[in-house]
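Laboratory data are not the source of any read-out in this text; all were calculated from the coordinates shown. Just so it is clear, the model here is predicted, and its values are computed rather than measured. Cβ coordinates were reconstructed from backbone atoms using ideal geometry, including for glycine residues, and neighbour counts include every protein chain displayed.
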Amino acid sequence: MRSLIDIVDFSVEELYGLMDTASDIIAHPERYADACRGKKIATLFFEPSTRTRLSFEAAMLELGGSVIGFSEANSSSAAKGESVADTAKVISCYADIIAMRHPRDGAPFVAAQNASIPVINAGDGGHCHPTQTLADLFTIYREKGRLNDLTVGFCGDLKYGRTVHSLIAALARYTGIRLVLISPKELKLPENIKTEVIAKHGMEYVETSDLEGAMPALDILYMTRIQGERFADKDEFLRLRDTYILTPEKLVTAKQELAILHPLPRVNEISVKVDDDPRACYFKQVSNGKYMRMALILKLLDEAKRNPTRVPLICEDGAKIIRNRMRCSNSRCISMVEQELDQVFKLTEPEKRICRCIYCETKETATEEDLK
Amino acid sequence: MRSLIDIVDFSVEELYGLMDTASDIIAHPERYADACRGKKIATLFFEPSTRTRLSFEAAMLELGGSVIGFSEANSSSAAKGESVADTAKVISCYADIIAMRHPRDGAPFVAAQNASIPVINAGDGGHCHPTQTLADLFTIYREKGRLNDLTVGFCGDLKYGRTVHSLIAALARYTGIRLVLISPKELKLPENIKTEVIAKHGMEYVETSDLEGAMPALDILYMTRIQGERFADKDEFLRLRDTYILTPEKLVTAKQELAILHPLPRVNEISVKVDDDPRACYFKQVSNGKYMRMALILKLLDEAKRNPTRVPLICEDGAKIIRNRMRCSNSRCISMVEQELDQVFKLTEPEKRICRCIYCETKETATEEDLK
Amino acid sequence: MRSLIDIVDFSVEELYGLMDTASDIIAHPERYADACRGKKIATLFFEPSTRTRLSFEAAMLELGGSVIGFSEANSSSAAKGESVADTAKVISCYADIIAMRHPRDGAPFVAAQNASIPVINAGDGGHCHPTQTLADLFTIYREKGRLNDLTVGFCGDLKYGRTVHSLIAALARYTGIRLVLISPKELKLPENIKTEVIAKHGMEYVETSDLEGAMPALDILYMTRIQGERFADKDEFLRLRDTYILTPEKLVTAKQELAILHPLPRVNEISVKVDDDPRACYFKQVSNGKYMRMALILKLLDEAKRNPTRVPLICEDGAKIIRNRMRCSNSRCISMVEQELDQVFKLTEPEKRICRCIYCETKETATEEDLK
């Protein structure tokens, strides 16, 4: 049995497999209309996200299955203090697969360690949102026919944008990807992603604050929202915001084959006037996301059927595990609140004693004492 | 493809067609048990309304289809600022038909202009609630065997009662309808409905504040709730309220064939003691509403299948359209908040330069400049 | 037609019948996969309870039926002041069976008196939660092979624990049950349960505050949560709480065949370290609860089909009924708020003029005048 917590849990081959399945569903939906007859997905949304939740629910229903769940935490036992682990164990009695959205980094990981059914991370705090990345990858693949040799622009909030970070991590495994990172200086891509993802995989990249200047080179433009609350200076925010609003005028110099993506919801960062441009792919992305979730549900249920044993998630790569000797410093990590949860770190860079929290991937430096 | 935004979107013939279908469903439910197999309704309730939502959901389930949706705005992407148009486009990827309840007048109209699937207005602010009117009409038809030659009393809050206004507009298309408008003077039917609906169709009507005096003449009594918050003077409210509470005593002079309707929820405007009277039809009305919604879903899905093109909603009657020259003054109109939405008016009375907002039907007077 | 409001509404034989059905479902789930095809359960949760709600929904889905409902009162018509009786009548138009959770004692009883479909009490205030008791009984039966000749320990909050009171009432009908009541003195079992249930049925019992001392004798250990808000003295609470946390150490002296139950959610009253002990049955209990709810839905739908007439709930045992002469003093009783609801009492101890509110079972003493 497997779960999907982080997009890199799946190999490049597995991702191509999912895309093949999704394409086949689009071509022959009737062949899948009873594929999950008698199966149930539990959509456990500890914070609201209508689009993502309804995408999972539509996916399961189009496979002939059914849905139970909740759409916000105050309808849930969490309001009575139930741990994520217990919720996962309880829901395992009711459903065949879980899709979990949670405000705490690492919560779906804890669920996957305790459930006896597969768990899909539908977004955990600022950490991961792998099914959005599935939608993004599949949209690029369908629009461009390939996932390599592409110039991909990311525009807007590259600092906090979880979907940006995940898609860059996913693209790092393909060849010939050139990144154009377009943002105000306050919202540049974090340094650790540059060193640990981009540099590590030898990706080309440039940084700029000029959307219009970057436009002509792009094969893909991935837009994101700039949130006012990220700025101390509101006037600065208002001035900047408008330079990143995508309008038909700014697309004049763009390639005819450009594909414009956006994880939605959009507020005003893309003008409605762009919607009718054939290069606007953000609503196709919604549809593609549903089909990739259908493919994902099929794959995980199939793997669970063939091998019901839970794969221990933390030991696969042979890294040293440090248990209950250090504490995670990330205040949003699930390990801050979950009952009797071990504090577990992976030693990722032994020479520097650098460790990663297995729940939220926060980096901590171990003492020599910790490593004994 | 068509939508149902306002009851008058459907012709009298179409309404009889829906009632025929609903009657056939009641007689032969098993024939419809798989009619929508594989189809999904999205119930998008931006404000709660359990009865209406569950009626749509039960309707779709009894047709063999399934349901996705949300029951209040804070579980929805609207909380993140998504426009109604974008929500409609996104949901079009997930479902086959939408039922939308929204606090803003005109929101389902905007949804219908942007969705690629049919949209049913399940109540928009103080504007319309056409499926309640379907339930009302069908109940009258089943109880009386006709929709013409009836004396119909409306009692309670005739000023703000959206269901009252809609039912009067619907009844205006049948012959021989006599209206008895029973209300305190503070809650009389608005003048514009008298001039634009009642007078225009040459309906007979009387106004009175005396429920008991009006009773003997009535074939139909449509009760509504009087809400305390409508009154500046609370003592006045309390005094009035009791005179409009329907009790068995007040029914003594009523016809044996009277049919008592109420859109529910009732608070105390009809005594529970009336429930067992065979003339009490308000729970039958609930059941009838479900069957009419089944008929409506069938009709709209069938029309969408035969003609998937969206009918442009604003041009059908040849009235002049004024775009982005005037603003709607209704603070509850969807045009106040929706991103980049055109301000659109229809010139309904050219000689007086009177226009109607196409979203909420608020009346504005254009300048000569606006009309150029 | 019957409903399940209180566990004692069902005879011992009926409970064995439910357990037989549940066992058969576990053995042959495929035989039941279409048992409720075309049927709907309405889950009316006026206060949130994810576990219970999802258990009912999973149960109905595994029987091939479907689900409508709401998960908290502010999505419901109750927010507009609709009575429980009206809600029950409305929902009877939409569904085939109701599962109702309500914050007011007696609300599901009122619903059952007004619905034309069976009603299951899914928890009403501090009063009853009979389907939890079904889960508890079935778990004991499956683990021990019998429901008689057992030493059953109840640990924690025995004063306010609704599930404890219900399970004791249920066990009172079997022979050879010995109760060990383990609690701090502040949270002892209420006197009226000792006199009216335990003494009346001649059950053996001991009271103690010492969990570890009681452990060796137990066949069943039913753990509950101790809530801080029950204590005036917080230090006292913190000191006590830890003595009742179940840990592997405290289980050293326990029988090998002990079965540990807990109604969940657990906060920290059972250490996670106990979960892997084969004696920990609280997650099995979750699963058993779902199967008993399946059996219950089947039974009630079957009875409704064979006899659609509502059984008058208050007259079965011939006790004198007192109507509208006394008022219930329980501020949480549904009779405090429901529109035009008769105040009804049953004269349970004529010689002492002791009556019970039929909604919430609160005891009141009638005057001689009341009884005339």
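Add -39500 (n - 2.57) for each DSSP H run of 4 or more in chain C, then divide by its residues: what number comes out at 222 nm, to the nearest 500 deg cm²/dmol?
Dividing the helical sum by the residues of chain C leaves -9500 deg cm²/dmol.
Spelling out what I want: for every residue of segment A:14-28, take phi, set θ = phi - 60°, compute 6.51 cos²θ - 1.76 cosθ + 1.60 (Karplus), and round to whole Hz; glycine and proline get x.
Each residue of segment A:14-28 in turn: 4, 5, 4, x, 4, 5, 4, 4, 4, 5, 5, 5, 4, 6, 9 Hz.
Report, for B:Arg178, each distance to the same residue's label point in the other copies, shortest first and in nm; define the point 7 Å along Cα→Cβ.
Computed spacing set for this position: 8.4, 8.4 nm.
Where a ≥ b ≥ c are the square roots of the eigenvalues of the C-alpha gyration tensor, would you call chain A rounded, which needs a/c under 1.5, or, failing that, prolate if a/b is larger than b/c, or oblate?
Oblate, since a/c reaches 1.5 and b/c is not below a/b.
Using unit Cβ charges (K, R positive; D, E negative) and no other charged atoms, how large, in debye to the nearest 20, is the dipole of the protein assembly as shown about its Cα centre?
540
Which one of A:Leu189, A:Gln256, A:Gly126 has its Cα pushed farthest toward the positive end of the charge dipole of chain A, where Lys and Arg give +1 and Asp and Glu give -1 at the Cβ?
Result: A:Gly126, furthest along the dipole toward the positive end.
Got a sec? Charge dipole of chain B, +1 on Cβ for Lys and Arg, -1 for Asp and Glu; which of B:Ala99, B:Ile25, B:Cys155 is way out at the positive end?
Projecting each Cα onto the dipole axis, the largest value belongs to B:Ala99.
³J(HN,Hα) across segment B:239-246 via Karplus (A = 6.51, B = -1.76, C = 1.60, θ = phi - 60°), whole Hz, x for Gly/Pro?
5, 5, 3, 5, 5, 9, 6, 7
Order the peptides B:118-125, A:169-176 from the highest to the lowest mean number of other Cβ atoms within 10 Å of their residues.
So the order, starting with the most tightly packed, is B:118-125, A:169-176.
How large is the dipole of segment B:132-281 about the Cα centre if only Lys and Arg carry +1 and Asp and Glu carry -1, each at its Cβ, rounded to the nearest 20 debye?
My answer is approximately 380 debye.
For segment B:1-31 and segment A:111-187, what is the separation of their C-alpha centers, rounded to whole Å?
Taking the Cα centre of each part, segment B:1-31 and segment A:111-187 sit 47 Å apart.
List the residues, sorted by chain then number, that are 5 or more residues from B:Ala259 or on another chain and whose placed amide H is less than 5 Å from its amide H.
It is B:Ile220, B:Leu221, by chain and number.
Treat every Asp and Glu Cβ in chain B as -1 and every Lys and Arg Cβ as +1, leave all other atoms uncharged, and give the resulting dipole magnitude about the Cα centre to the nearest 20 debye.
Value, rounded to 20: 480 debye.
Which of the three applies to segment C:321-371, rounded, prolate or oblate, going by the alpha-carbon gyration tensor with a ≥ b ≥ c and a/c under 1.5 meaning rounded?
It is prolate, given that a/c is not under 1.5 and a/b is the larger ratio.
In peptide C:50-62, what is the residue-averaged number of other protein chain Cβ atoms found within 10 Å of each Cβ?
Average neighbour count from other chains, rounded to a whole number: 6.
Please sort by residue number the trypsin sites (Lys or Arg not before Pro) in segment A:255-289 whose DSSP state is loop and whose Cβ has at most 14 other Cβ atoms within 10 Å.
Here no trypsin sites (Lys or Arg not before Pro) fit, given the DSSP loop and packing criteria.
Report the FRET efficiency, 1/(1 + (r/R0)^6), for B:Thr175 and B:Lys255, where r is their Cβ-Cβ distance and R0 is 30 Å, rounded to 0.05.
In this case the efficiency is close to 0.90.
What are the label-to-label distances in nm, one decimal and shortest first, from A:Gln227 to the same spot in the other copies, with labels 7 Å along Cα to Cβ?
Here A:Gln227 shows inter-copy label distances of 3.4, 3.4 nm.
With viscosity set to 1.306 mPa s and temperature to 10 °C, compute the Stokes-Einstein D of the protein assembly as shown, Rh being the Kirkwood radius across alpha carbon pairs; µm²/s, no decimals.
Estimated via Stokes-Einstein, D reaches 49 µm²/s.
Counting GluC sites (Glu not before Pro) as exposed when in a DSSP loop with at most 15 other beta carbons within 10 Å, what is the longest stretch of chain C free of them?
My reading of the result: C:1-256 is the longest stretch.
How many nanometers, to one decimal and shortest first, lie between the label point of A:Pro29 and those of its other copies, if labels sit 7 Å from Cα toward Cβ?
The projected label point of A:Pro29 is separated from its counterparts by 2.8, 2.8 nm.
In whole Å, how far is the Cα centre of segment A:245-319 from that of segment C:230-272?
About 47 Å separates the Cα centre of segment A:245-319 from the one of segment C:230-272.
Can you run phi through the Karplus equation (6.51, -1.76, 1.60; θ = phi - 60°) for segment B:193-208 and list ³J(HN,Hα) in whole Hz, with x for Gly and Pro?
6, 5, 7, 8, 10, 5, 5, 4, 8, x, 7, 7, 8, 10, 10, 8
Along the Cα→Cβ direction, 7 angstrom out, place labels at A:Glu30 and C:Asp34. What is the inter-label distance in nm?
Each label point lies 7 Å from its Cα, and together they span 2.1 nm.
Just rank B:Val337, A:Val164, fewest to most, by other beta-carbon atoms within 10 angstrom.
Ascending Cβ contact count within 10 Å gives the list B:Val337, A:Val164.
Answer rounded, prolate or oblate for segment A:131-277, using the Cα gyration tensor with square roots of eigenvalues a ≥ b ≥ c: rounded when a/c is under 1.5, else prolate when a/b is larger than b/c, else oblate.
oblate
What do you get for Rg/Rh of segment C:23-165 when both radii come from the Cα atoms and Rh is the Kirkwood radius?
For segment C:23-165, the value is 1.01.
Which value in nm describes the separation of the simple spin-label points at B:Asn74 and B:Glu340, placed 7 Å from the Cα toward the beta carbon?
Each label point is offset 7 Å from its Cα along the Cβ direction, giving 3.1 nm.
Given R₀ = 35 Å, what would the calculated FRET efficiency be for A:Thr208 paired with B:Arg306, taking r from the Cβ atoms and rounding to 0.05?
Efficiency for this residue pair is about 0.10.
Inside 10 Å of the C-beta atoms of A:30-38, what's the mean count of C-beta atoms belonging to other chains?
Mean partner shielding for this stretch: 1.
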